[in-house]
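One structure is given below, encoded as structure tokens.
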Amino acid sequence: MADDTEDTHLPPGEQPALLQAVRALLQPLARLAVARGLAHATVGEMLRAAFVEEAHAAYPQLHEHRRVSRISAATGINRREVTRLLAARQRRGAPARSYPSELFARWTTHPDYLDADGRARPLPRLGDAPSFEALAQSVTRDMHPRSLLEELIRLGLAEHDEEADSVTLLRSAFVPRGDDARMVGLLAANLGDHFHAAVDNVLGAAPAHFEQALYADGLSDESLAQLRELVTQQWLALTAALVPRIEKMIADDDAAGIGGRAGAGNRARIGLYSYQAPPEPAPAPARPVARRTARRRGGAVE
């Protein structure tokens, strides 16, 4: 196996920084894989397939008879493996809509479904708006309102008072409980798009994606608790401002026949994240290396 400091087309001095960045990105991926029992061979196969996929996309005008050789040269994967991975290559489908998350977003931002304090109000299950039935039908008619309600209850996001026949939202953020598959799906969607945006920006794509972050250290546990609350408040304010305007944009594009729900338009993802961790442990002081005094003994130096 070649050393990872060889075979580079990067400007002098840039490769160490890139290798450090790749290691930092692989560390949480390895932690997730180990925690969920994914073997190195499985992830390695997916990594090779991703290399082939990206190299294939990098040379769209290349004649087919030269494609395998070019991909092999670009990735360092031998021609036989490239041929196998190309044969197994599958197109990604369009991202599936998440009706529960759309309903959740509308319930927590649309004025008709908020109380005087701007919180999601309890809704009668049936009837004209504002009701859960009307809310569900405003999101989709492909899924029955009862099915949507059962899904929200299963995810720990809402509860149904059968006596009053009303529905109450239990959480202020769409974080499903007890559904590992959906949580992993959210990780892939959110982190995947963020990663794509960051890579596009590093590679100079235009227009650049918006990508900013704040960093602070030296915070106490009490300050971190206050910061978490502040971030939550800012996110609620951001979604309250953006969701209605985005929905109007989609409706306007739909009416004009230039995008909308038909799937012909562009997609966008807007997120906010925070991360807290204890400080990195200070490296242990290096042990002094005893100097050896060269002494001549029998004509040799030790």
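Brief remarks follow.
- The MET183 and GLN276 beta-carbon pair, evaluated with R₀ = 22 Å, returns a calculated FRET efficiency of approximately 0.70.
- Extending 7 Å from the Cα toward the beta-carbon at both GLU222 and THR140 defines two label points whose distance is 4.7 nm.
- What a 1.4 Å probe finds exposed on region 200-252 is 61% carbon and sulfur by accessible area, rounded to a whole percent.
- Probe 1.4 Å, accessible area per residue of region 49-179, Å²: 62
- Filtered trypsin sites (Lys or Arg not before Pro), region 136-193: DSSP coil and at most 14 other beta carbons within 10 Å: ARG141, ARG177
- Amide H contacts under 5 Å for LEU114: ARG121, restricted to partners 5 or more places along the chain or on a different chain, H placed in the peptide plane at 1.01 Å from N.
- Applying 1/(1 + (r/R0)^6) with r as the Cβ-Cβ distance of ARG67 and ASP117 and R0 = 51 angstrom yields a FRET efficiency of 0.30.
- Gained length - ALA33 relative to ILE153, 0.36 nm times residue gap less alpha-carbon distance: 40.3 nm
- Taking the average, over residues, of other Cβ atoms within 10 Å as the packing measure, peptides 116-124, 30-38, 97-105 rank 97-105, 116-124, 30-38 from highest down.
- Summary value for region 34-173: 14 percent relative contact order, contacts being C-alpha pairs under 8 angstrom separated by 6+ residues.
- Using only Cα coordinates, the Kirkwood hydrodynamic radius of region 177-248 works out to 15.4 Å.
The values are calculated or read from the model by the stated rules, or taken from the named source; none is laboratory data. What you are looking at is a predicted structure, and each value in this text was computed from that prediction instead of being measured. A quick note on method: Cβ atoms are made from the backbone with ideal geometry, for glycine too, and the neighbour counts reach across all protein chains shown. Side chains are part of the model used for accessible areas, which takes the heavy atoms of the whole protein and leaves out ligands, DNA and RNA. Shrake-Rupley method; radii C 1.70, N 1.55, O 1.52, S 1.80 Å.
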